[in-house]
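Below you'll find the structure, written out as C-alpha cells, and then a few comments.
The values are calculated or read from the model by the stated rules, or taken from the named source; none is laboratory data. Quantities reported herein were computed from a predicted structural model and do not represent experimental measurements. Here the Cβ positions follow ideal geometry from the backbone for every residue, glycine too, while neighbour counts run over all protein chains shown. Just the protein is used for accessible areas: all its heavy atoms, side chains included, with ligands, DNA and RNA removed. Shrake-Rupley method; radii C 1.70, N 1.55, O 1.52, S 1.80 Å.
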Amino acid sequence: MTEYDKFKKLLEYFVAHLEWCVNEDQNHVGYITYIKPLIDTNTFKYTGQGYSGDNIQQQIKAWCDYESGLIHINIQQNFGSYKSTKCYLNWDWTGLNVNAKWTNDHIGSLYLNKYDEDTGNNILGFEKSLNDLGLFDNKPPNNNLITLFDSYKSLIIDWNIMEEFKKKQHLVDLLKDSKNIILTGAPGTGKTFLAKQIAKQMIGVKTDEELEESGQFDFVQFHPSYDYTDFVEGLRPTPPDENGIIGFEIKDGIFKSFCEKALENLINSEKTPDEIHSESNIESILDNFLAESIENGKKFDYNDNSNQFVIVPHSKKEECFYAKILNNESMERQLVFKKDAIEVFKKADDIKKPTDIQKVFNTRFKYQYTFIFLILEQLREKLKNKGEEAKIKINRKNFIFVIDEINRGEISKIFGELFFSIDPSYRGKKGSVKTQYSNLHNDDKEIFYVPENVYLIGSMNDIDRSVESFDFAMRRRFTWIEITAEQSAENMNLSQHIKEKMLNLNKQISETDGLNPSYHIGAAYFLDSSGNARQDIDNVWNLRIEPLLKEYLRGMSDSTEKIELLKNAFTA
C-alpha cells in the first residue's frame, strides 16, 4: 500500500467516524467499511487524543505510519458538538492538522489547518470537497488527493525545519552579537553540521543546495600546510605566454575574495534604487563597449592624434583593463580600473576635459585619466539614454564563512595582520590594514578590512593536540561554545534506544583513567553517509567506535580490560 493509498483510507475513516458520531447513520457509505467492524467487536472509541496514546489511535493503526512520521486522530466534543476544530488529524508533535468543514449535519470538505499557541487556528487552505478527493469511490487516489497529501507532507518538512531553527536560535543570536564563534567539543558531536545549520538560518535558506547557491557562504578546512597565500593573498603562477615564459601575479585568497563580495553587497545596500539603477546601466554600457573594442581591435587616437592605444583585457576583467599604447617603448600600457571609469561616467556632465577628472577623486592628475576621458567621449550619447529598467533596492545580506578544524592550521601564519581586522570591535573601515603584498598592488594605497556583514564560525575537536597551542590572541576574538555529546544526540535526532547506548558509553569513558569528557563519542558515529541513524549497532561498535577507543588507550597496560568495560557499558 502506497502512502497515498493509506492517506485516502485514513481520510475516509476520519469522515466516517465523525459522521457516525453526529448522525449514527448506518446507511452512510463509510459505516459498513470502517465503523461497523469496530462496533461489532466492542472496540469503537468515540473520543480520545491519539497523540496522547489514547485507544482511539488503534482504530487507524493500519494507516497512520508515514515516512515523515505518525498521523494521529483526535476527537473531542466541544460543548457536546463533534463539528468543532477539536476534531482533527495531525502530524506527530506538530500543530499541522486536517479538519472537516460541515454543511448542516454532513461533512462537505476537508482542509489543512495550523494551530499555534500564540495565534490559535490558522487555515492554510488546500480545501477540497469529498467528491473532489474521490473519497469512498473505490478507485485509486486521484490527483486532488495526491496534491493534498503532498502539500500536507511539505508542511511537516517546513515545520521540522522551523523547529530545528528554533533550537539553534540562541546560537544564531550569539553569532550576530559576537561576529565570531568557535564550536568545540568531542569528535563526532556534529560541529561542522551545526555550523552549516547556523549559516542556513543566518542566510535564510533551508537546504544544503540553497546554501551553496546563495553566494553568501564559503567553507574551508585548515591543515598544517595552509598559509596566508591560500587565505588572504599571494603570488600564483600565470599561464605561459607566447614565448613559453611563466610569470607570477598576485591573487586573492579565499577569505579576501569572500570579504570583497560581502563588501560589495554592504556598499550597494546603502545606495538608493536610483543610484543602483544608474550604476548598473553604466557598468553594462562599459562592459559591452570594452568587449566590442577588444574583439574589433578598435584604436583610439590621443595626445593630439599623435599616438594611439587599444584596449587589452586583464586577467581580472571584472575589475580592470589595460590601455595598450602603440609605438611607445617608454610606456607600453596603463592599468585602468573599471570602478574609476564608472565614477567618472556618473559625473559625465561635469567633465569636459581630462583634468576635470581629478576633481572627482580629489587627487592629483593620473595618466590613466586620459584614457578614461577618451572612452567617455565615445559613450556620452549612450550614457544619456541609459534606459528605464525597473529600479530595485538591494538589501543587506549576511555572509557566513566557516573554518573547519581551525586549530589544525598555524593561525598566526594564516591570518597575519587580519588578527586585528577580524576583531568584533574593529570590523569595517576602522579595522583597515595593508596586506603583506600591498606593495605589489596596482594601487599602493589599497587597504583591506573585514566588512560588518561577515560572520566567522570555526570548529575544533577538544582532544586534538593542536588545541593547546591555539593562539591566545585569536582565542579572545572568538566566543567559544561547547557542543556536548548529549546535545549532539538531540541535534541529530537519534532514537531513544541509541541515545541510551551512547550515554552509557560516555559515562564509562568519563570514569576511565586516562580519559575524560573530551573523549566522549558523539552522535555522528551512529549516522550513515546520508545522515540517517544506523540500525546495525554491532557494526557501529566493531568498525567505528572500538578502533577509536583502542587508539585513545594505546600504550596503557590495562587497555584490554578498559575496552571490555567500555563495551559492556555500550551493549548493556
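All but one of (1) at pLDDT below 95; (2) over 15 Å from ILE481 (Cβ atoms); (3) surrounded by 17 or more Cβ atoms within 10 Å (Cβ to Cβ); (4) of a type outside the set (Lys, Arg) hold for ASN121; which doesn't?
Just one mismatch for ASN121, condition (3).
Considering segment 391-412 alone, what residues qualify as being touching a helix residue (DSSP H, G or I) at 6+ places or on another chain (Cβ under 6 Å) and charged (D, E, K, R)?
LYS391, LYS393, ARG396, LYS397, ASP404, ARG408
Please count how many residues of segment 420-449 are of a type in the set (D, E, K, R), free of Cβ contacts under 8 Å to residues at least 24 places away in the same chain and surrounded by 13 or more Cβ atoms within 10 Å (Cβ to Cβ).
1
Counting only residues that are of a type outside the set (Lys, Arg) and modelled with pLDDT under 80, which one in segment 311-335 is nearest to ALA291 (Cα to Cα)? If you could, list the steps in order and put the result at the bottom.
Residues of segment 311-335 that are of a type outside the set (Lys, Arg), as a first pass: 311-315, 318-323, 325-332, 334-335.
When the remaining residues are screened for being modelled with pLDDT under 80, the result is 315, 318, 327-332.
Working: SER315: 14, GLU318: 11, ASN327: 23, ASN328: 24, GLU329: 26, SER330: 27, MET331: 23, GLU332: 21 Å.
Filtering segment 311-335 for residues that are of a type outside the set (Lys, Arg) and modelled with pLDDT under 80, the one nearest to ALA291 (Cα to Cα) comes out as GLU318.
Could you list all residues from segment 455-498 that are closer than 22 Å to GLU164 by Cβ and at pLDDT below 80?
Passing the criteria: only ASN493.
Please go through segment 92-103 and give me each residue that is out of contact with any Ser or Thr (no Cβ under 7 Å at 6 or more places or on another chain), in a strand (DSSP E or B) and surrounded by 14 or more Cβ atoms within 10 Å (Cβ to Cβ), ordered by number. Spell out the reasoning first.
From segment 92-103, those out of contact with any Ser or Thr (no Cβ under 7 Å at 6 or more places or on another chain) are 92-98, 100, 102-103; that's our starting set.
Cutting the leftovers down to in a strand (DSSP E or B) gives us 96-98, 100, 102-103.
Result: LEU96, ASN97, VAL98, ALA100, TRP102.
Restricting attention to segment 132-143, report how many residues are free of Cβ contacts under 8 Å to residues at least 60 places away in the same chain and touching a Ser or Thr at 6+ places or on another chain (Cβ under 9 Å). Steps first, answer last, please.
First, the residues of segment 132-143 that are free of Cβ contacts under 8 Å to residues at least 60 places away in the same chain: 132, 137-139, 142-143.
Cutting the leftovers down to touching a Ser or Thr at 6+ places or on another chain (Cβ under 9 Å) gives us 132.
So the answer is 1.
Would you be able to tell me the number of residues in segment 519-536 that are modelled with pLDDT of 90 or more and small (Gly, Ala, Ser)?
3
Could you say whether any residue in segment 178-197 is of a type in the set (A, V, I, L, M, F, W, C), open to solvent by 60 Å² or more (accessible area, probe 1.4 Å) and touching a residue at least 40 places away in the same chain (Cβ under 8 Å)? Step through it out loud before you land on a result.
Our first condition is that a residue be of a type in the set (A, V, I, L, M, F, W, C); within segment 178-197, this holds for 181-183, 186, 193-195.
With the extra rule that they be open to solvent by 60 Å² or more (accessible area, probe 1.4 Å), the set shrinks to 193.
Applying the additional criterion that residues be touching a residue at least 40 places away in the same chain (Cβ under 8 Å) yields 193.
Checked segment 178-197: at least one residue is of a type in the set (A, V, I, L, M, F, W, C), open to solvent by 60 Å² or more (accessible area, probe 1.4 Å) and touching a residue at least 40 places away in the same chain (Cβ under 8 Å).
Quick check on LYS271: is it within 17 Å of GLU417 (Cα to Cα), basic (Lys, Arg) and surrounded by 14 or more Cβ atoms within 10 Å (Cβ to Cβ)?
Numbers: within 17 Å of GLU417 (Cα to Cα): no; basic (Lys, Arg): yes; surrounded by 14 or more Cβ atoms within 10 Å (Cβ to Cβ): yes.
Considered against the rule, which asks whether it is within 17 Å of GLU417 (Cα to Cα), basic (Lys, Arg) and surrounded by 14 or more Cβ atoms within 10 Å (Cβ to Cβ), LYS271 comes out as no.
When segment 191-209 is examined, which residues are found to be more than 17 Å from ALA489 (Cα to Cα), of a type in the set (S, T, N, Q) and part of a helix (DSSP H, G or I)?
Within segment 191-209, GLN201 is the sole residue that qualifies.
Just the residues that are open to solvent by 40 Å² or more (accessible area, probe 1.4 Å) and in a strand (DSSP E or B), please, taken from segment 61-80.
Residues satisfying the conditions are ASP65, LEU70, ASN78.
Out of all the residues in segment 137-156, is one or more under 16 Å from the mean Cα position of the chain (by Cα), open to solvent by 40 Å² or more (accessible area, probe 1.4 Å) and either at pLDDT below 90 or of a type in the set (Phe, Trp, Tyr) (or both)? It would help to see each step written out before you state the result.
Start the filter on segment 137-156 by keeping residues that are under 16 Å from the mean Cα position of the chain (by Cα), which leaves none.
No: segment 137-156 contains no residue that is under 16 Å from the mean Cα position of the chain (by Cα), open to solvent by 40 Å² or more (accessible area, probe 1.4 Å) and either at pLDDT below 90 or of a type in the set (Phe, Trp, Tyr) (or both).
Is it the case that GLU127 is touching a residue at least 60 places away in the same chain (Cβ under 8 Å), in the same structural domain as CYS21 (by the TED database) and open to solvent by 80 Å² or more (accessible area, probe 1.4 Å)?
Details: touching a residue at least 60 places away in the same chain (Cβ under 8 Å): no; in the same structural domain as CYS21 (by the TED database): yes; open to solvent by 80 Å² or more (accessible area, probe 1.4 Å): yes.
Taking the combined requirement at face value, the residue does not satisfy it.
Under the condition of being open to solvent by 10 Å² or more (accessible area, probe 1.4 Å) and out of contact with any Ser or Thr (no Cβ under 8 Å at 6 or more places or on another chain), which residue from segment 474-493 is farthest from ILE411 (Cα to Cα)?
Across segment 474-493, the extreme among qualifying residues is ASN493.
So, in segment 397-419, of the ones that are farther than 24 Å from ILE481 by Cα and at pLDDT below 95, which residue ends up surrounded by the most Cβ atoms within 10 Å (Cβ to Cβ)? Steps first, answer last, please.
As a first pass, look at segment 397-419 and keep what is farther than 24 Å from ILE481 by Cα: 397, 413, 416-417.
When the remaining residues are screened for being at pLDDT below 95, the result is 413, 416-417.
Values: LYS413: 13, GLY416: 18, GLU417: 14.
So the residue we want is GLY416.
Can you name the condition, by its number, that LEU174 falls short on among (1) under 21 Å from ARG475 (Cα atoms); (2) open to solvent by less than 30 Å² (accessible area, probe 1.4 Å)?
The single condition LEU174 does not satisfy is (2).
Under the condition of being of a type in the set (Ser, Thr, Tyr) and in a strand (DSSP E or B), which residue from segment 81-91 is surrounded by the most Cβ atoms within 10 Å (Cβ to Cβ)? Lay out the reasoning, then the answer.
To start, the set of residues in segment 81-91 that are of a type in the set (Ser, Thr, Tyr) comprises 81-82, 84-85, 88.
Of the ones still in play, those that are also in a strand (DSSP E or B) are 81, 88.
Values: SER81: 13, TYR88: 24.
Once the filter is applied, the top-ranked residue is TYR88.
From the residues in segment 323-343 that are more than 38 Å from the chain's Cα centre (by Cα) and of a type in the set (D, E, K, R), which one is most open to solvent (accessible area, probe 1.4 Å)?
If we take residues in segment 323-343 being more than 38 Å from the chain's Cα centre (by Cα) and of a type in the set (D, E, K, R), then GLU329 is most open to solvent (accessible area, probe 1.4 Å).
Sort out which residues of segment 1-54 are basic (Lys, Arg), touching a residue at least 40 places away in the same chain (Cβ under 8 Å) and open to solvent by 60 Å² or more (accessible area, probe 1.4 Å), and write them in order of number.
Here is the first cut: in segment 1-54, the ones basic (Lys, Arg) are 6, 8-9, 36, 45.
When the remaining residues are screened for being touching a residue at least 40 places away in the same chain (Cβ under 8 Å), the result is 6, 8-9.
Hit for segment 1-54 is LYS9, nothing else.
State whether the residues of segment 201-223 include one that is open to solvent by 20 Å² or more (accessible area, probe 1.4 Å), more than 15 Å from the chain's Cα centre (by Cα) and over 22 Å from ASP158 (Cα atoms).
Yes: segment 201-223 contains one or more residues that are open to solvent by 20 Å² or more (accessible area, probe 1.4 Å), more than 15 Å from the chain's Cα centre (by Cα) and over 22 Å from ASP158 (Cα atoms).
Please find, among ASP558, ASP513, ASP528, the residue that is within 16 Å of GLY190 (Cβ to Cβ) and surrounded by fewer than 14 Cβ atoms within 10 Å (Cβ to Cβ). Explain how you work it out, then say what you get.
Values: ASP558 fails: within 16 Å of GLY190 (Cβ to Cβ); ASP513 fails: within 16 Å of GLY190 (Cβ to Cβ).
Exactly one residue qualifies, and that residue is ASP528.
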